[in-house]
2 protein chains.
Amino acid sequence: MISGVPHLTTALNGPMLELERHLLIHQARVETWFREQWLQTPAPFYASVDLRNAGFKLAPVDTNLFPAGFNNLNPDFMPLCIQAAQSAVERVCPSASRVLIIAENHTRNLFYLESLETLRDIFEKAGLEARIASIREDVDAVMKVELPSGRSCTLEPLQRDGNRISIGDFSPCLVLLNNDLSAGRPEILEGLEQQVVVPPLVAGWSDRKKSDHFSHYQAVAELLADRIDIDPWLISPLSLQCGEIDFMKREGEECLAKNVGAMLQMTQRKYDEYGIDKSPFVVVKSDSGTYGMGVMMVKSVDEVRSLNRKQRTKMASAKEGGQVENVLVQEGVYTFETLGDEDAVAEPVIYMMDHFVVGGFYRVHTGRGVNENLNAPGMHFEPLAFAEPCNTPDKADTPDAEPNRFYAYGVIARLALLAAARELSF
Amino acid sequence: MISGVPHLTTALNGPMLELERHLLIHQARVETWFREQWLQTPAPFYASVDLRNAGFKLAPVDTNLFPAGFNNLNPDFMPLCIQAAQSAVERVCPSASRVLIIAENHTRNLFYLESLETLRDIFEKAGLEARIASIREDVDAVMKVELPSGRSCTLEPLQRDGNRISIGDFSPCLVLLNNDLSAGRPEILEGLEQQVVVPPLVAGWSDRKKSDHFSHYQAVAELLADRIDIDPWLISPLSLQCGEIDFMKREGEECLAKNVGAMLQMTQRKYDEYGIDKSPFVVVKSDSGTYGMGVMMVKSVDEVRSLNRKQRTKMASAKEGGQVENVLVQEGVYTFETLGDEDAVAEPVIYMMDHFVVGGFYRVHTGRGVNENLNAPGMHFEPLAFAEPCNTPDKADTPDAEPNRFYAYGVIARLALLAAARELSF
């Protein structure tokens, strides 16, 4: 049982404190700017954003438009989720009284089913009838799964009839995707002209590119940084892009090595500027495919040149069998939030519905380094729900006090949400 | 120190349980209906609604469009207030980064100043610079008042310059009235064409009539009752209206006596229909002027005829000296929620921002009867914050379980809010 809130173990928190102070001082400016942005580019229906807090830098590393993990949020903040869900429904489909949730395909993952059931319950409490459908072909009858929480989750086979989908006679105008489409866009979901599908199919990993997301993120980070007069590097990871790479055939490796070298140098230059006594590292990511797959951390150019067969295979296989082609070379951001005597690494994950931050939790992992990927396949983590929501900054308190740190998380997470909104609208 | 949640002491809760059960079963229908209504008639910026829960009936008695008492809400639900305030600002003035709050005139009431400061803090946390102005002529310099909570409240003199108002160079586009204008519409607030004033001046007691509000309430209560197939009487007090009455000159008294008699009979008929073994009573209210003033409870026609001088004076003098003219004769609704060994009477007060319920508290009063006015001038009450918000109904629990009772309160309060919205738009 993990309790308490992580604390930054690094002393290198000068610029970070400065960032939090800036966000607090310029809070009205930040919030007004966001309001203007949402008018121009409406937020995706919902999202979760993985952040890394290096003490000297706070940046998003993953933006998930089909969030799971709702069961990890603090139950005390369910009212916030309910209110935000009401706002989100009002915006996309105000006449809706029912919602059909399309589940992810990993129907045997009880943690995922707990999240689905929590999500369904949020909509029920928000006043919509909510049911869950599976698009797996082997789910051909109603499937009721008992959950560790004592609840149950009912998955029903999805049916297609003309240009509508349904579960029996349950065929609502609002369809909520909770499936990231990393296996491709399923035929059954195409061309649903009479139903509102949110997020749209193009938000799935079959269409999305991480490089697009981070280009948009860099653009909005620069806009916000300009508004509050900070170096955008404090909130945005440096990125470079490689063309086609075939890890198995060892094609395109030279470009990758060159970009990794350049990224290490660029990062070192920023570290020097801020007097940060750490070794830069680089994250190499498959440009498409779910986060957590096709990701590796490297500390030198040599590491790229000497990848073994296992590492190559891992990079070549994104989730559900996609082939790695384009590759994103990104500045690695340290995680300096740790918890307990074991210094377990903690990575904040922030949840949003519409453009409201509705909660978050720490992904706490023992036995992993500060510069390793915390969302790797098969990894075990323990969730630690935030004790406070992210919308109660307190100017009377210190910039790194809990409500203020969480506020900063909420700002950076919303910035990633805005980048995703632009991704979908362009 | 009062703790715990009131329980209904009456056994006469058959119809009420039926109402709560209906609201739960038809929750999706209720919420969809509200969504449609808010699209047609946007909600006032904020409001509080006093309810009375008779066990067999749940109805609003007061709808305040300039709510005070924010300090009485559960601090745990401030995040809900903040989120709702953000929604409200987005709707009325999305470009706003500052808000000017116009205070009530009773600047010496520390409870009121605590509420003002809580309200200001909600806007600050929502990301707006918020300052408070007084329109009192004797507030001619900055007035900082230390509050019992340890905070302070700063009131500043309001200035007019052309068609804008300001505090010095603080002249935001958004002006939030927290003054019910029962002394009339002050010249300084008229014709502010360059600023958005919410709620509009016509929402003040100088323009508003209680009879209008309850006519609209009756209409929306009938619509909702039809949607969920209940008797509208279960959620709406019967009302009749008298023409001009001068209590001091004893003019119009015959009409009043006649209407009181009719109302007692109408109520008795409903009591008979539902087998309610209670004596009907009637509330006589001044049609304009703040709630709590110019109100009396009568149990017989004779009582109206034999009013003594003190009672006449009380009815004739609404807040800040208005003269009672039109009078509303309303079915009295019992309060059967009581608390503790002393059976202190508890009356729920529900708070809303935009169309979201953000919290509530019980006005707990010892030594007052179940059929007396709990909001009378000079009355002392103790606030008891709701332990749960009003938006987390739980179908798996009993209809009268706490989250479900609070949900029912939220529905009826929003119905009164909708009536107020129609009042302002017609």
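Coordinate-derived values only; no laboratory data. Since the model is a prediction, treat every value here as computed from it, not as a measurement. Please note: Cβ atoms are built from the backbone with ideal geometry, for glycine as well, and neighbour counts cover all protein chains shown.
Label positions at residue B:265 and residue A:342, each projected 7 Å from the Cα along the C-beta direction, are separated by 8.0 nm.
Comment: the Cα-to-Cβ extended label point of residue B:215, at 7 Å, lies 6.1 nm from its counterparts in the other copies, nearest first. Can you pull a Stokes-Einstein diffusion coefficient for segment B:109-165 at 20 °C (1.002 mPa s), Rh from Kirkwood over Cα pairs, as a whole number of µm²/s? In µm²/s, the coefficient is 175. Across A:225, A:47, A:28, mean-square fluctuation computed from a Gaussian network of chain A (C-alpha pairs under 10 Å connected) peaks at A:28. According to the calculation over all Cα-Cα pairs in segment A:151-200, the P(r) per 5 Å bin from zero is 4, 18, 30, 27, 15, 5, 1 %. Residue A:72 sits among other residues whose Cβ lies under 11 Å from its own Cβ, and their net charge, with Lys and Arg +1 and Asp and Glu -1, is -1.
The phi-based Karplus calculation (6.51 cos²θ - 1.76 cosθ + 1.60; θ = phi - 60°) puts the 3J(HN,Hα) values of segment A:148-164 at x, 6, x, 7, 9, 10, 10, 9, 10, x, 7, 10, 10, 9, x, 9, 10 Hz, whole numbers, x for Gly and Pro. To the nearest Å, what is the center-to-center distance of segment A:98-115 and segment B:76-138, using C-alpha atoms only? That distance is 41 Å.
Relative to one another, the C-alpha centroids of segment B:198-225 and segment A:251-291 are positioned 63 Å apart. Amide H to amide H, with H built 1.01 Å from N, residue A:52 comes under 5 Å of A:59, A:61, counting only residues 5 or more places away or on other chains.
With K and R counted +1 and D and E -1, the other residues having a Cβ less than 13 Å from that of residue A:130 yield a net charge of -1. A simple charge model with +1 on the Cβ of Lys and Arg, -1 on the Cβ of Asp and Glu and nothing else charged puts the dipole of chain A at about 500 debye relative to its Cα centre. In this Cβ point-charge picture (+1 for Lys and Arg, -1 for Asp and Glu), segment A:58-177 has a dipole of about 180 debye about its Cα centre.
For residue B:279, inter-copy separations between label points set 7 Å beyond Cα along the Cβ vector come to 8.9 nm, shortest first. Position residue A:146: other-copy label points at 6.2 nm, ordered by increasing distance, label point 7 Å along Cα→C-beta. When chain A is modelled as a GNM with alpha-carbon springs shorter than 10 Å, which of A:262, A:141, A:68 fluctuates the most? The residue that fluctuates most here is A:141. Positive contributions from Lys and Arg (+1) and negative ones from Asp and Glu (-1), summed over other residues with Cβ under 13 Å from the Cβ of residue B:253, come out at -1. The antiparallel fraction among DSSP beta bridges confined to the protein assembly as shown stands at about 75%. Candidate cross-link partners of residue B:314 among the lysines, defined by an alpha-carbon separation under 20 Å and a same-chain spacing of 8 or more, comprise B:209, B:210, B:249, B:285, B:299.
Cα centroid separation, segment A:21-35 to segment A:378-426: 14 Å. Each principal axis of the Cα cloud of the protein assembly as shown was evaluated for its coordinate range; sorted largest first, these ranges are 102, 67, 48 Å.
GNM on chain B, alpha-carbon springs under 10 angstrom: the most fluctuating residue among B:44, B:60, B:403 is B:403.
Listed by chain and number, the aspartates and glutamates whose C-alpha is less than 12 Å from the C-alpha of residue A:144, apart from same-chain residues fewer than 8 away, are A:117, A:156. Out of every Cα-Cα pair that chain A contains, those further apart than 42 angstrom amount to 12 percent. Charges were assigned to the Cβ only: +1 to each Lys and Arg, -1 to each Asp and Glu. The resulting dipole of the protein assembly as shown about its Cα centre is roughly 460 debye. Pop the C-beta distance of residue A:244 and residue A:222 into the FRET formula with R0 = 30 Å and round what comes out to the nearest 0.05. That pair, residue A:244 with residue A:222, gives E of 0.55.
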